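> Before I ask anything, here is the structure I am working with.
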Amino acid sequence: MNDVKAICSLKTGLLDARKFRSSHATKRISALRLSNFQEVENSHSAGINTIDLDKVEGRYLLSGGADGSIHIHDVFNLTGNFQFTCKNVGKIDRQSNHHCHKYSVECVQWYPLDTGMFLSSGMDKNLKIWDANAQVPADVVLVNGKIYHHHMSPNATQHNLVAVASTANQVFLADLRSGSTTHELRSHSSSILSVKWSPMQEFQLASGSMDNRLLMWDVRAARSCLFSMDQYNGRNHADVEKTTAHNGNVHGLSFTADGLFLISVGTDSRMRLWNTETGRNEMVNYGKISMESKKGTRFDISSDTEPQMIFVPSQGNILVYELTTGVKRATLLGHYNTVTCCAYNENLQTLYSGANDRNILVWASESSQTMREDPINKETALGPRSIIPRRNLTEDAWSSDEG
């Protein structure tokens, strides 16, 4: 069904609005490529470790780097031109702000309900809660260990806990109300690299560690660990000490939007799909995914496409997989160094990626029609086009009209 027929069917009620949106998003995701018209202003002086897009407007992109700096970029195009740069609208670095992290920033996250606050953490053992407008920390929580990752629940109504993964072998839960750590979840035997709250069960938490294990927690229970994920599905999930999720460090986690499934990646070059209710490995074969990062990998999942897509960094590329089948849909090439993180924008169907080459790249679906001028409207009062034409570098520029 083409777009015109789909829109007509949508207006007459023959096509469900959610199905139309999903179909349109899937089509755009299938055509992702490095954007010719959008770029993010280069601000970092060292590699980029983490990025996060706000969930309220999908407008502001946070980035944290190995130089200890944090930057805020506005990704909305308000210029009226096709070609634009996502400007840096906020900067926290060692030259301009003495509240900056002393060492590498490993994780940044917007407050789920408001762009007036965000959180950051890193190798200086500090979890900082920032006022985004004043760009000063409202509170600082000191954790016993270098912090690899943190996560605040996107849907919590009964708690304000931030889960923190660090070089310590326990998960710290920091309460934003008191400004201190209130709980410690103990079952891992080595450093913890990633933590994620369930988007549907506000007390359910997943953690991945250097001990090759992936644990699921209920923070309300006295014995908080519910079960340990077993990659072979043949052991007792309650036997925490014996089960392993990967044959290497578990350094990346992400839930699907409905909370029914959890994706994990490890240094064994494998990605696995888990059922969050039963803890079973769904045995989806995604193939070998080369992982160079030993600290953590930040990847994302689309919830507006059918099937859902996983965007995962692999060395200098970004691989796009179907969630339930494991089929690889695309390999996105553009970075000059290891890709460390990516974030998907559901409002625009675009993807942002950060890497050790200090660049944030924009991946979008841009048809050749976008670059073609409309001869009917060329002389209208809309003014001159601002598109910069792309030229084939191998094209012969000689003209017979030249003397």
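> Are any residues in region 270-280 buried (at least 21 other Cβ atoms within 10 Å of the Cβ) and basic (Lys, Arg), and if so, which ones?
Arg272
> For residues that are assigned to a strand (DSSP E or B) and touching a residue at least 40 places away in the same chain (Cβ under 8 Å), tally how many sit in region 184-225. Steps first, answer last, please.
Here is the first cut: in region 184-225, the residues assigned to a strand (DSSP E or B) are 184-186, 192-197, 204-209, 214-218, 225.
If we keep only those that are touching a residue at least 40 places away in the same chain (Cβ under 8 Å) too, we end up with 185, 192-197, 204-209, 214, 216-217, 225.
The total comes to 17.
> For Leu173, work out the one condition from (1) part of a strand (DSSP E or B); (2) open to solvent by 10 Å² or more (accessible area, probe 1.4 Å) it doesn't fulfil.
Here Leu173 meets the rest and fails (2).
> Could you check, for region 144-158, whether at least one of its residues is over 30 Å from Ser209 (Cβ atoms), assigned to a loop (DSSP other than H, G, I, E, B), out of contact with any helix residue (DSSP H, G or I) (no Cβ under 6 Å at 6 or more places or on another chain) and open to solvent by less than 20 Å² (accessible area, probe 1.4 Å)? Break it down into steps so the answer makes sense when it comes.
Restricting attention to region 144-158, the residues satisfying the condition of being over 30 Å from Ser209 (Cβ atoms) are none.
No, because not a single residue in region 144-158 is over 30 Å from Ser209 (Cβ atoms), assigned to a loop (DSSP other than H, G, I, E, B), out of contact with any helix residue (DSSP H, G or I) (no Cβ under 6 Å at 6 or more places or on another chain) and open to solvent by less than 20 Å² (accessible area, probe 1.4 Å).
> Go through (1) open to solvent by 10 Å² or more (accessible area, probe 1.4 Å); (2) not in a strand (DSSP E or B) and name the single condition Tyr344 misses.
Failing condition for Tyr344: (2).
> Of the residues in region 61-103, how many are part of a loop (DSSP other than H, G, I, E, B), of a type in the set (Phe, Trp, Tyr) and over 25 Å from Lys125 (Cα atoms)? Talk me through it step by step, then tell me what you get.
Going residue by residue through region 61-103, those that are part of a loop (DSSP other than H, G, I, E, B) are 66-69, 75-83, 87, 93-103.
Filter once more, so that each one left must be of a type in the set (Phe, Trp, Tyr): 76, 82, 103.
Then keep just the ones that are over 25 Å from Lys125 (Cα atoms); that gives 76, 82.
So the count comes out to 2.
> Considering only region 157-202, how many residues are farther than 20 Å from Trp274 by Cα, among the small types (Gly, Ala, Ser) and under 19 Å from the mean Cα position of the chain (by Cα)?
The total comes to 2.
> Is it true that some residue in region 219-237 is within 22 Å of the chain's Cα centre (by Cα) and within 14 Å of Asn275 (Cα to Cα)?
no
> Still on this model: I'm told Met283 meets every condition in (1) open to solvent by 50 Å² or more (accessible area, probe 1.4 Å); (2) at negative phi; (3) not in a strand (DSSP E or B) except one. Can you identify the failing condition by its number?
With (1) open to solvent by 50 Å² or more (accessible area, probe 1.4 Å); (2) at negative phi; (3) not in a strand (DSSP E or B) applied to Met283, the lone miss is (2).
> Here's another thing I want to ask about it. For Val320, all conditions in the list (1) in contact (Cβ under 8 Å) with a residue 12 or more places away in the chain; (2) over 16 Å from the mean Cα position of the chain (by Cα) hold save one; what is the number of the exception?
It fails just one condition, (2).
> Moving on. Of the residues Ser63, Ser104, Ser96, which single one is more than 17 Å from Asn359 (Cβ to Cβ) and either surrounded by fewer than 18 Cβ atoms within 10 Å (Cβ to Cβ) or touching a residue at least 60 places away in the same chain (Cβ under 8 Å) (or both)?
Details: Ser63 fails: more than 17 Å from Asn359 (Cβ to Cβ); Ser104 fails: either surrounded by fewer than 18 Cβ atoms within 10 Å (Cβ to Cβ) or touching a residue at least 60 places away in the same chain (Cβ under 8 Å) (or both).
Selected residue: Ser96, the only one of Ser63, Ser104, Ser96 that is more than 17 Å from Asn359 (Cβ to Cβ) and either surrounded by fewer than 18 Cβ atoms within 10 Å (Cβ to Cβ) or touching a residue at least 60 places away in the same chain (Cβ under 8 Å) (or both).
> When Gly58 is evaluated against the numbered criteria (1) part of a strand (DSSP E or B); (2) small (Gly, Ala, Ser); (3) under 20 Å from the mean Cα position of the chain (by Cα), which criterion, by number, is the only one it fails?
(1)
> Also, I was wondering about something else. Look at Glu395 and say whether it is at pLDDT below 95, more than 21 Å from Asp74 (Cα to Cα), touching a helix residue (DSSP H, G or I) at 6+ places or on another chain (Cβ under 7 Å) and acidic (Asp, Glu).
Working: at pLDDT below 95: yes; more than 21 Å from Asp74 (Cα to Cα): yes; touching a helix residue (DSSP H, G or I) at 6+ places or on another chain (Cβ under 7 Å): no; acidic (Asp, Glu): yes.
No, not satisfied.
> While we're on this one: Go through (1) among the small types (Gly, Ala, Ser); (2) at pLDDT 95 or above; (3) open to solvent by 60 Å² or more (accessible area, probe 1.4 Å) one by one and return the number of the condition Ala138 breaks.
Every listed condition holds for Ala138 apart from (2).
> Next question. Quick one: is Asn126 without any contact (Cβ under 8 Å) to a residue 24 or more places away in the chain, of a type outside the set (Gly, Ala, Ser) and closer than 30 Å to Arg94 by Cβ? Before you say what the answer is, go through the steps one by one.
On the way: without any contact (Cβ under 8 Å) to a residue 24 or more places away in the chain: no; of a type outside the set (Gly, Ala, Ser): yes; closer than 30 Å to Arg94 by Cβ: yes.
So Asn126 does not fit the description; no.
> Could you tell me which residue of region 290-337 is least open to solvent (accessible area, probe 1.4 Å), considering only residues that are of a type in the set (A, V, I, L, M) and part of a loop (DSSP other than H, G, I, E, B)? I'd like the intermediate steps shown before the answer.
Narrowing region 290-337 to residues of a type in the set (A, V, I, L, M): 291, 301, 309-310, 312, 318-320, 323, 327, 330, 332-333.
When the remaining residues are screened for being part of a loop (DSSP other than H, G, I, E, B), the result is 291, 323, 327.
Values: Met291: 24, Leu323: 5, Val327: 71 Å².
It comes out as Leu323.
The values are calculated or read from the model by the stated rules, or taken from the named source; none is laboratory data. These numbers come from a predicted model, not from an experiment. FYI the Cβ positions are ideal-geometry reconstructions off the backbone, even for glycines, and counts take in every protein chain you see. SASA here: full protein model, heavy atoms, side chains in, ligands and nucleic acids out. Shrake-Rupley method; radii C 1.70, N 1.55, O 1.52, S 1.80 Å.
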